[in-house]
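Here is the structure we will look at.
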Amino acid sequence: MPVAAVLVDPPRDGLVLPTLPDETPLSPSEATRLYEAMVADILHAVAESNSELLVNYRPDDQLPDAVPDGDAESEVRALVDDALDGDQHEAARVEVQVGSSRSARVGNTVTHLLENGGAQSVAVIEPDAPTLLRKDIDSAAMKLRRSEVVLGPADGGDVYFAGFTEPVDFKRALEAPAVENVNARAVDAGYDVDFLPGRRRIGSARALQTLVAAIRARHASGRLVPAHTTAIIESLGLRVAADESGLPALRRT
């Protein structure tokens with residue numbers, strides 16, 4: 001069965017979406033609420049797909065020293081409890097990541113699940129790309145039946161999705177530009193690589209502007225939208241409007 005590992009940080013002010021309070025009208029606590037909503041949407045998308053959901057979190061000793069103290073496992077499990085119920089909640093696994101860097105943690109997760117966990121494919125998903133829907137996850141799983149590696153490019157050369165049926169050399173592979181680095185490791189190993197449409201990860205004011213405008217437009221047209229993220233955008237009164245120079249800017253109503 002395909003496994004989708006969602007990389008979730010404990011929702012603490014200053015740890016998740018850390019630049020948004022300085023770049024947007026959001027306060028630190030509101031940025032954390034937005035992150036929680038995006039996580040809930042991604043967890044739902046995976047739980048409703050044909051992949052097994054694994055929630056993968058960083059332990060406290062791998063979090064930046066500047067963030068508030070807490071209990072990472074309890075905080076992430078609480079997110080899962082709030083987002084899922086019934087059979088979806090029962091089926092979700094929550095496991096700690098192992099490794100001192102993003103590349104090491106992703107590499108350890110993918111390699112363990114493929115070599116020891118019985119997974120036919122493993123996808124690693126960043127939760128701050130909430131427009132990734134169930135159909136997209138199932139489509140990516142189909143691509144992984146034909147290609148050993150499937151990548152979803154994000155802004156700045158990063159990835160929001162990386163799927164594998166075979167491990168690659170993950171040493172420093174997720175460093176910038178991750179999409180080029182992982183692709184190069186796969187090609188060097190003789191693997192076929194396929195790609196998903198590019199998506200923005202919501203880590204900047206410009207990315208959040210794009211998300212808010214797109215979700216409002218899709219919602220007004222009756223199109224499918226990430227429900228929790230849409231709800232928090234409405235709750236916070238976020239919209240895009242022209243500033244004094246006529247340029248788009250994020251506003252609150």
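The values are calculated or read from the model by the stated rules, or taken from the named source; none is laboratory data. Everything numeric in this text was worked out from a predicted model, so none of it was measured. As a convention, Cβ positions derive from the backbone with ideal geometry for all residues, glycine included, and neighbour counts pool all protein chains shown. What goes into the accessible areas is simple: the full protein's heavy atoms, side chains included, and nothing from ligands, DNA or RNA. Shrake-Rupley method; radii C 1.70, N 1.55, O 1.52, S 1.80 Å.
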Exercise for review: Assess whether Ala45 counts as being within 16 Å of Ala5 (Cα to Cα) and either of a type in the set (Ser, Thr, Tyr) or assigned to a helix (DSSP H, G or I) (or both).
Suggested key: yes
Exercise for review: Scan the range 181-191 and give yes if some residue there is in a loop (DSSP other than H, G, I, E, B) and acidic (Asp, Glu), otherwise no.
Suggested key: no
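State whether the residues of the range 172-179 include one that is of a type in the set (Asp, Glu), open to solvent by 40 Å² or more (accessible area, probe 1.4 Å), closer than 20 Å to Leu7 by Cα and in contact with a strand residue (DSSP E or B) (Cβ under 9 Å, 6 or more places away or on another chain).
There is no residue in the range 172-179 that is of a type in the set (Asp, Glu), open to solvent by 40 Å² or more (accessible area, probe 1.4 Å), closer than 20 Å to Leu7 by Cα and in contact with a strand residue (DSSP E or B) (Cβ under 9 Å, 6 or more places away or on another chain).
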Exercise for review: Can you tell me which residue within the range 81-104, out of those that are under 18 Å from the mean Cα position of the chain (by Cα) and among the hydroxyl-bearing types (Ser, Thr, Tyr), is most open to solvent (accessible area, probe 1.4 Å)?
Suggested key: Ser101
Review point. For residues in the range 192-212 being open to solvent by 50 Å² or more (accessible area, probe 1.4 Å) and in a helix (DSSP H, G or I), which is nearest to Ser139 (Cα to Cα)?
Key: Thr210
Exercise for review: Go through the range 117-127 residue by residue and tally those that are over 19 Å from the mean Cα position of the chain (by Cα) and modelled with pLDDT of 95 or more.
Suggested key: 2
Check your understanding: Could we say that Pro11 is under 19 Å from Ala249 (Cα atoms) and assigned to a loop (DSSP other than H, G, I, E, B) here?
Key -> no
Check your understanding: Take the residues of the range 25-78 that are in contact (Cβ under 8 Å) with a residue 40 or more places away in the chain and among the basic types (Lys, Arg): which is least open to solvent (accessible area, probe 1.4 Å)?
Key -> Arg58
Practice item. Would you be able to say whether some residue in the range 105-113 is closer than 23 Å to Ala178 by Cβ, among the charged types (D, E, K, R), open to solvent by less than 70 Å² (accessible area, probe 1.4 Å) and in a helix (DSSP H, G or I)? Key: yes
Point to revise | Counted residues, the range 215-252 - those being part of a helix (DSSP H, G or I), among the small types (Gly, Ala, Ser) and closer than 15 Å to Leu34 by Cβ | key: 3
Practice item. Any residue in the range 125-149 that's open to solvent by 10 Å² or more (accessible area, probe 1.4 Å): show its pairings with residues that are aromatic (Phe, Trp, Tyr) at Cβ separation under 6 Å, as long as the two are six or more apart or on different chains. Key: Glu126/Tyr160; Glu148/Tyr191
Check your understanding: Can you spot a residue in the range 130-142 that is closer than 14 Å to Ala5 by Cβ and in contact with a Phe, Trp or Tyr (Cβ under 8 Å, 6 or more places away or on another chain)?
Key -> yes
Point to revise | Test result for Val182, of a type in the set (A, V, I, L, M, F, W, C) and under 17 Å from Pro21 (Cα atoms) | key: no
Point to revise | Conditions (1) open to solvent by 60 Å² or more (accessible area, probe 1.4 Å); (2) among the charged types (D, E, K, R); (3) under 20 Å from Pro25 (Cβ atoms): number failed by Arg216 | key: (1)
